[in-house]
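One structure is given here, and the rest of the page talks about it.
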Amino acid sequence: MTPTASAEPLLRKTEGGILWLTLNRPDAHNSFTVPMFDAIGAGLDAAAKDPSVKAVVLTGAGKAFCAGQDLREHLERKPAFIDELRKRYNPLILKVRRLPKPVVAAINGSAAGAGMSLALACDFRLCVPEAKFFTSFVKIGLAPDSGNLFWLGSQIGYSRALELEMTGRAMTAEEAERWGMVNRVVPPDRLLDETQAFLKPLVEGPAKALALIKQLYNRTLFASDLPELLDYEALVQQEAGTTKDHHEGLAAFVAKRAPKFTGE
């Protein structure tokens, strides 16, 4: 499962129903460039269209997950922040959230700035003990973007999130697990194997129901009030209840056997 060195900014590999997307600029701590944005977006688009892909993993080559924006490239291009966010960062975060399949961040090292935002936008996070999380924005006189404060606040609470955003201090892997931001902390040499094992029940699960659960989670986060949420739940449950996987699940439950889901 170890990535192979390549000049490509992103490595893609499909194995066992999982699409592995490896950020591949290890010498630059996998910081974002325009080609990398384009490659990640294309990878997520491909995953959305491919029924054989049941889940996606985002990870990094080398010792870092992602250091956020490549500041050298940013200084060379000098784009307006609002244009850059609307054209690249925001669409990428939305693609992760809108992908109707589980997305896991296998965090192999430090995640900073928008790189941390990308990890936070994923459905699940596994990391190594050495991983550290830096909001970073305040260190260069900026406010959080790419959903960083929203995701961080919803996962660890806004008081802790504001402390990290306003001081710029690092969050350790131990804190991230204790505060509920990561699902597992695993040994570095086991990260990819543990990620694959973590995804096994999801890859084998009812694909339509998993997509609806993610859809419902997104709506739960952004629902304006409880009545709206409850009504939306009813719509989603109606759709889930008409699937073949639901009927198979019921039959398997009655027969006391393991279900055989097909994703229909």
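Please give me the summed charge of the neighbours of Gln196: other residues whose Cβ is under 11 Å from its Cβ, Lys and Arg +1, Asp and Glu -1. Combined, the nearby Lys, Arg, Asp and Glu give -1.
Compute the acute angle (0 to 90°) between the alpha-carbon long axis of helix 191-203 and the principal axis of greatest extent of the alpha-carbon atoms of the chain; round to the nearest 10°. Roughly 30 degrees, rounded to the nearest 10.
Of the residues Met181, Ala46, Ala80, the one whose Cα sits farthest towards the positive end of the charge dipole of the chain is Ala46 (charges of +1 on Lys and Arg Cβ, -1 on Asp and Glu Cβ, taken about the Cα centre). Given +1 at the Cβ of Lys and Arg, -1 at the Cβ of Asp and Glu and no other charges, the dipole of the chain around its Cα centre is 260 debye to the nearest 20. Summing charges over all other residues whose Cβ lies under 11 Å from the Cβ of Thr14, with Lys and Arg as +1 and Asp and Glu as -1, gives +1. Just tell me which lysines come within less than 25 Å, Cα to Cα, of Lys260; anything on the same chain fewer than 8 places away is out. Partners within reach: Lys49, Lys54, Lys101, Lys200, Lys208, Lys214, Lys244. Which of the aspartates and glutamates could be linked to Lys87 by a straight reach, that is with a Cα gap under 19 Å, when you skip same-chain ones fewer than 8 residues away? Leaving aside aspartates and glutamates fewer than 8 places away in the same chain, those within reach of Lys87 are Asp38, Asp45, Asp70, Glu73, Glu76, Asp145.
Restrict the search to segment 1-78; then list the trypsin sites (Lys or Arg not before Pro) that DSSP places in a loop and that have at most 15 other Cβ atoms within 10 Å of their Cβ. The qualifying sites are Lys63.
Where a number appears in this text, it was derived from the coordinates with a stated rule and is not lab data. Being a predicted model, the structure only gives us computed values, none of them experimental. For neighbour counting, all protein chains shown are included, and Cβ atoms are generated from backbone atoms with ideal geometry for every residue, glycine included.
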